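What follows is a set of notes on a single structure, which appears directly below.
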Amino acid sequence: QVQLVESGGGSVQAGGSLRLSCEHSRYTYGYTYSRYWLGWFRQASGKEREVVAGISPSSSTYIADSVKGRFTISRDNAKRTLLLQMNSLKPEDTAMYYCAAARSAPVPWNNVMGYNYWGQGTQVTVSS
């Protein structure tokens, strides 16, 4: 199976940047990391979990309108790592951020039930 561990969260001022990482380990030998669809989600207090960005095995990407132009998703298959570069952060970006992995294409990207594995989350707090 797969374990996902996020890191890189913290507290920053509005306009600042953070880079989140998600390391994948304990994967199934018969299923390679490069086959996974990967995504970043966030959940603010009192709100539903929402997709922020996704990346397919072919590195096709999806970026939510709310963060388009500010966030970039990428993957390093050799290191089994998913990345989220967050620039020009706003207070409304404050949330717990989770990485997720799916063995097959989640349709749509925001379909939380389409993901097989989830990390424990890393907190991002942006002050004004």
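The values are calculated or read from the model by the stated rules, or taken from the named source; none is laboratory data. Keep in mind the model is a prediction, meaning the values are calculated, not measured. Note that we place each Cβ from the backbone using ideal geometry, even for glycine, and neighbour counts take in every protein chain shown. Ligands, DNA and RNA are excluded from the accessible area calculation, which covers all protein heavy atoms including side chains. Shrake-Rupley method; radii C 1.70, N 1.55, O 1.52, S 1.80 Å.
The requirement of being among the polar types (S, T, N, Q), over 15 Å from V124 (Cα atoms) and in a strand (DSSP E or B) is not satisfied by S66. Y33 passes every criterion in (1) surrounded by 15 or more Cβ atoms within 10 Å (Cβ to Cβ); (2) under 11 Å from the mean Cα position of the chain (by Cα) apart from (2).
Do we have any residue at all in segment 46-55 that's open to solvent by 60 Å² or more (accessible area, probe 1.4 Å) and either aliphatic (A, V, I, L, M) or in contact with a Gly (Cβ under 6 Å, 6 or more places away or on another chain) (or both)?
Step one: of segment 46-55, the residues open to solvent by 60 Å² or more (accessible area, probe 1.4 Å) are 46-50.
This time we only want the ones that are either aliphatic (A, V, I, L, M) or in contact with a Gly (Cβ under 6 Å, 6 or more places away or on another chain) (or both), so: none.
Checked segment 46-55: no residue is open to solvent by 60 Å² or more (accessible area, probe 1.4 Å) and either aliphatic (A, V, I, L, M) or in contact with a Gly (Cβ under 6 Å, 6 or more places away or on another chain) (or both).
Looking only at residues that are under 21 Å from N116 (Cβ atoms) and in a loop (DSSP other than H, G, I, E, B) in segment 1-19, which one is least open to solvent (accessible area, probe 1.4 Å)? That would be V2.
Go through the residues of segment 20-27 one by one and say whether even a single one is open to solvent by 20 Å² or more (accessible area, probe 1.4 Å), of a type in the set (F, W, Y) and over 14 Å from V124 (Cα atoms). Looking through segment 20-27, at least one residue is open to solvent by 20 Å² or more (accessible area, probe 1.4 Å), of a type in the set (F, W, Y) and over 14 Å from V124 (Cα atoms). Among the residues of segment 48-78, those identified as in contact (Cβ under 8 Å) with a residue 40 or more places away in the chain and over 10 Å from the mean Cα position of the chain (by Cα) are R49, E50, S56, Y62, N77. For S58, the criteria (1) at pLDDT 95 or above; (2) surrounded by 15 or more Cβ atoms within 10 Å (Cβ to Cβ) hold in every case but one, which is (2). Once segment 77-128 is narrowed to residues that are in contact with a Pro (Cβ under 7 Å, 6 or more places away or on another chain) and part of a loop (DSSP other than H, G, I, E, B), the residue that is surrounded by the most Cβ atoms within 10 Å (Cβ to Cβ) is Y115.
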